[in-house]
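The values are calculated or read from the model by the stated rules, or taken from the named source; none is laboratory data. Small disclaimer: the values here were computed from a predicted structure and weren't measured. Don't worry about glycine lacking a Cβ; one is built from the backbone with ideal geometry, like all the others, and counts go over all protein chains shown.
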Amino acid sequence: MKILVLGATGNTGSLVVSNLKSKGADFAILTKNKTEAQRFGLADEQVNKGNFNDLASLVRAMQGIGKIYLVMPMHQDVVKWVNNVIEAAKQAGVKHIVKQSGLEASVKAESQIIRDHAESDQLIKNSGLEYTLIQPNSFFQNFYGNLPTINAVNQFYSPLSDSKQSMVDLNDVVEAVSLVLTQTGHEGKIYRFTGGEALTSAEQAEFISQSSGKNISFVNVSKNDFESALKDAGMNDWIAENLADMIAWFAKGKPYGEISEDIESLLGRSPRSFADFSKELATSIKA
């Protein structure tokens, strides 16, 4: 069953593409601009041109596709785009959509991004197509975004306060997603991907300090100050505002500290620990 990766040029999608390529899987990617896909070194027939806003282009891109992997960027049109993907999949005869969502997706969340996940998840469930929902917690790799302040002042900032999060390694998620895409038996499943432990930001700072040999500390800030800092760093207003809302929502949600065994069940091993990831991060921290 041929796979089409939608969102292939993003952080998660690009790693899924690399994993599928290493497995010799039968897959193609969707891209607005074929030049963007050159870095993957794919054959021409593996690069399908299409646009989430253009239903007809999606239908053309999905011809001969049996399974879709859908990971969306943070954008205000996500629900509309998922609707278009579902309609195109039906018209093209796609059988199965594997959608990446977010842990604890809820229409009651105080975060537009989380609500959009929940709404689009429900669209997939109601579509009549076979589906699998991937719901990961935040990724360890998000810490790379903290490197500028860690390297400048030995600190990182967020409104997470003393809440615990069972963050997960992106590479574990990618490996599990690739299994779901290349195997059968995952239809109708909802997988919650977390790490094997729940840590506060202060506890994470301790691991980073041990690995780097520097005294790294976490500083809690207000949601508004966090949003302003994101904008000052060059992030566009919509993403900055909604990312700040999402992080503040994480701080309120106890379930973001809960631990799932889904990664271990799929991969047959424990998920990567934050202590191990902190050693990788430390190689990017200035001495």
Open item on the list: Filter the range 231-248 down to the residues that are under 14 Å from Met74 (Cα atoms) and in contact (Cβ under 8 Å) with a residue 24 or more places away in the chain and list them by number.
Closed with: Trp238, Ile239, Asn242, Leu243, Ala244, Asp245, Met246, Ile247
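Tell me whether the range 44-60 contains one or more residues that are small (Gly, Ala, Ser), in contact with a strand residue (DSSP E or B) (Cβ under 7 Å, 6 or more places away or on another chain), closer than 17 Å to Ile3 by Cβ and crowded, with 19+ Cβ neighbours inside 10 Å.
First pass over the range 44-60, keeping only residues small (Gly, Ala, Ser): 50, 56-57.
With in contact with a strand residue (DSSP E or B) (Cβ under 7 Å, 6 or more places away or on another chain) added as a condition, the list becomes 50, 57.
From what is left, the residues that are closer than 17 Å to Ile3 by Cβ are 50.
Among the residues that remain, those that are also crowded, with 19+ Cβ neighbours inside 10 Å are: 50.
Yes, the range 44-60 has at least one match.
Please state which one of Gln141, Gln135, Gln204 is farther than 30 Å from Ala25 by Cβ and touching a residue at least 12 places away in the same chain (Cβ under 8 Å).
Matching residue, one of Gln141, Gln135, Gln204: Gln204.
Touching a Pro at 6+ places or on another chain (Cβ under 7 Å), among the charged types (D, E, K, R), assigned by TED's automatic domain parsing to the domain that holds Leu160 and in contact (Cβ under 8 Å) with a residue 40 or more places away in the chain, is that true of Lys214?
Working: touching a Pro at 6+ places or on another chain (Cβ under 7 Å): no; among the charged types (D, E, K, R): yes; assigned by TED's automatic domain parsing to the domain that holds Leu160: yes; in contact (Cβ under 8 Å) with a residue 40 or more places away in the chain: yes.
Judged against the criteria, Lys214 is not a match.
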Open item on the list: List pairs: first residue in the range 267-287 and closer than 18 Å to Val173 by Cα and in the same structural domain as Ile208 (by TED's automatic domain parsing), second residue in a loop (DSSP other than H, G, I, E, B) and hydrophobic (A, V, I, L, M, F, W, C) anywhere in the structure, Cβ distance under 7 angstrom, at least six positions apart or on different chains.
Closed with: Phe274/Met167
